[in-house]
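J.: Let me begin by handing over the structure; questions about it come next.
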Amino acid sequence: MAKANVDHKLKRLRAWVQNYEWGRSGAEAEVARLMALNSGAEIEPNKPYAELWMGTHESGPSILVDDDEQNVGLELKEWIDQNPNVLGVQVLEKWGSHLPFLLKVLSVGKALSIQAHPDKELAKELHKMKPNVYKDDNHKPEMALAITPFTALSAFISLQWKCRENEELKQVLEDTPEIVELVGVSSAKQVMDIEELDGADKVKSALRSVFTQLMSASKEMTTKAISKLKSRLVLESELRSLREKEELVLELEKQYPGDIGVLSALLLNYVKLKAGEALYVAANEPHAYLSGDCIECMATSDNVVRAGLTPKHRDVQTLCSMLSYNQGYPEILSGLPLNPYITRYLPPFDEFEVDCCILPKGSSAVFPAVPGPSIFLAFAGEGTLKIGSWEGLVTEGDVIFEPANTEITVTATACELQIYRAGINSRFFHGL
């Protein structure tokens, strides 16, 4: 039986690998396993494998493979430019001949930077001012769907009310004199003096002051404060059990000694996802992925404003000025079951949604025709794809582009088949 791309409607892709230093090493990374299956590349045991990209972004474009001679080796973006109708009428009207989403797999071995992604207006300004740093002019809302247990920092903790245990800002300042030492008594007092009836603007102003002072602290003062914090927690661990966030701080200090992100992590929510749970991040919200493997989907962009837990370029002033300073625990998505085998994850962004399909051996599921394009990743197992009277093989590691208005029936053959699909958010087509 033929591989999927023999049907002219489907295009098989070679994904792009990013070897960022925070990635998991060698065969322990899902990214490495999928890379080897997708392209035949050899896994190097000591090399980090951080991200597998599936889409059209210029920093990691997907390539058409096993196609006719005219298209082989062509970037997916070039092929779409030549065949824009594959995106569908509504997508073309909204985004032009651009695939609006980027699908990734992440294998996180150590913490990513504390970062945020700009909204569209700021993205255009940053790209114009620093095109070598901010490589495109698009916003980058994103969603991480856990494949394994997955941890992250996301959004600011609550000030005091409706908060999670041991996760409120006033308590953090009371319990962490090292932060007060860096931000100054005046900024800390702004927070401590806030009352429940004070308006949101006053709360945000106080939080902005504390966070900006913290992130702007000198390297010398930061190193000294973190050293004090580490020594204090080690001593206290002999007398009591450390809280999760305190243990996290010690772990981050091992990964990034003397980095201000070690302290600022205490101001963010510590999120622990189980496999099958998803976290979405809007523009101008602080976050950092810490550990685990996930499927990630986002608007097609690579714009990142960093300020901590990183050896890369930091733009503290931009980050502190752009943040929304919203507070509270982020929404966790468990997915909406479409049928016994397919679960859909719908973030509040037009550009994308993600389906997870887990098929037991011998079972089938239908992905109905939709007005926009899709990218499928065969994560595990093997089976068949059927369009009308045509049928083709699909095996783990395959990445397939599906044009708009195409219905596919997927069947698991020799074993369970696990497939992820990224596409335009279905609410966009329904005007919701």
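The values are calculated or read from the model by the stated rules, or taken from the named source; none is laboratory data. Since we're looking at a predicted model, the values are computed, not measured. Here the Cβ is made from the backbone with ideal geometry for all residues, glycine too, and neighbour counts use every protein chain on show. What goes into the accessible areas is simple: the full protein's heavy atoms, side chains included, and nothing from ligands, DNA or RNA. Shrake-Rupley method; radii C 1.70, N 1.55, O 1.52, S 1.80 Å.
J.: Got a sec? Which of T406, T395 is of a type in the set (S, T, N, Q) and open to solvent by less than 10 Å² (accessible area, probe 1.4 Å)?
T.: Sole residue among the options that is of a type in the set (S, T, N, Q) and open to solvent by less than 10 Å² (accessible area, probe 1.4 Å): T406.
J.: Now a separate question. Can you pull out the residues in region 285-320 that are in contact with a helix residue (DSSP H, G or I) (Cβ under 7 Å, 6 or more places away or on another chain), closer than 27 Å to L250 by Cα and in a loop (DSSP other than H, G, I, E, B)?
T.: Answer for region 285-320, where residues must be in contact with a helix residue (DSSP H, G or I) (Cβ under 7 Å, 6 or more places away or on another chain), closer than 27 Å to L250 by Cα and in a loop (DSSP other than H, G, I, E, B): just L309.
For (1) within 20 Å of the chain's Cα centre (by Cα); (2) aromatic (F, W, Y); (3) farther than 27 Å from K170 by Cα, each residue gets a yes or a no:
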{"position": "A282", "(1), (2), (3)": "yes, no, no"}
{"position": "V304", "(1), (2), (3)": "yes, no, yes"}
{"position": "S324", "(1), (2), (3)": "yes, no, no"}
{"position": "E331", "(1), (2), (3)": "yes, no, no"}
{"position": "N339", "(1), (2), (3)": "no, no, yes"}
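J.: Follow-up question, since we're still on this one. Of the numbered conditions (1) open to solvent by 10 Å² or more (accessible area, probe 1.4 Å); (2) out of contact with any Ser or Thr (no Cβ under 7 Å at 6 or more places or on another chain); (3) at pLDDT 95 or above, T151 fails exactly one; give the number of that condition.
T.: Here T151 meets the rest and fails (2).
J.: Given (1) closer than 23 Å to V17 by Cβ; (2) surrounded by 20 or more Cβ atoms within 10 Å (Cβ to Cβ); (3) in contact with a Gly (Cβ under 8 Å, 6 or more places away or on another chain), where does L385 come up short, assuming only one miss?
T.: Here L385 clears every test but (1).
J.: What do you reckon, is L173 under 25 Å from Y289 (Cα atoms), in contact (Cβ under 8 Å) with a residue 12 or more places away in the chain and surrounded by 21 or more Cβ atoms within 10 Å (Cβ to Cβ)?
T.: Criteria not met by L173.
J.: If a residue must be assigned to a strand (DSSP E or B), within 17 Å of E402 (Cβ to Cβ) and of a type outside the set (K, R), how many such residues does region 4-54 contain?
T.: Going through region 4-54 one residue at a time, the tally reaches 2.
J.: Let me ask another. I need the full set of residues from region 199-233 which are of a type in the set (G, A, S), farther than 13 Å from Y325 by Cβ and open to solvent by less than 20 Å² (accessible area, probe 1.4 Å), in order please.
T.: Passing the criteria: only A225.
One line per residue, one yes/no per condition, for (1) modelled with pLDDT under 90; (2) open to solvent by 20 Å² or more (accessible area, probe 1.4 Å); (3) among the charged types (D, E, K, R); (4) farther than 16 Å from D302 by Cβ:
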position: N132; (1), (2), (3), (4): yes, yes, no, no
position: N138; (1), (2), (3), (4): yes, yes, no, no
position: L159; (1), (2), (3), (4): yes, no, no, yes
position: L169; (1), (2), (3), (4): no, no, no, yes
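J.: Now, a different point. Within the set of pairs 6+ apart or on separate chains, which have a first residue in region 83-107 that is closer than 29 Å to N19 by Cα and charged (D, E, K, R), a second that is at pLDDT 95 or above and open to solvent by less than 10 Å² (accessible area, probe 1.4 Å), and C-beta atoms under 6 Å apart?
T.: These pairs meet every condition: K104/W53; K104/E296.
J.: How many of the residues in region 232-273 are β-branched (V, I, T) and not in a helix (DSSP H, G or I)?
T.: Residues that pass the stated criteria total 2.
J.: I need the full set of residues from region 194-232 which are over 24 Å from A116 (Cα atoms), of a type outside the set (K, R) and at pLDDT 90 or above, in order please.
T.: If the condition is that a residue be over 24 Å from A116 (Cα atoms), of a type outside the set (K, R) and at pLDDT 90 or above, then E220, M221, A225, S227, L229, S231 are the ones that fit.
J.: Among the residues of region 117-130, which ones are open to solvent by 40 Å² or more (accessible area, probe 1.4 Å) and either within 16 Å of E351 (Cα to Cα) or assigned to a strand (DSSP E or B) (or both)?
T.: Within region 117-130, D119, K120 meet the criteria.
J.: Within region 338-350, can one find any residue that is open to solvent by 60 Å² or more (accessible area, probe 1.4 Å), charged (D, E, K, R) and either out of contact with any Lys or Arg (no Cβ under 7 Å at 6 or more places or on another chain) or closer than 26 Å to R33 by Cα (or both)?
T.: So far as region 338-350 goes, no, none of its residues is open to solvent by 60 Å² or more (accessible area, probe 1.4 Å), charged (D, E, K, R) and either out of contact with any Lys or Arg (no Cβ under 7 Å at 6 or more places or on another chain) or closer than 26 Å to R33 by Cα (or both).
J.: Does S62 satisfy the condition of being touching a Phe, Trp or Tyr at 6+ places or on another chain (Cβ under 7 Å), at pLDDT 95 or above, more than 30 Å from L323 (Cβ to Cβ) and open to solvent by less than 20 Å² (accessible area, probe 1.4 Å)?
T.: Answer is yes for this residue.
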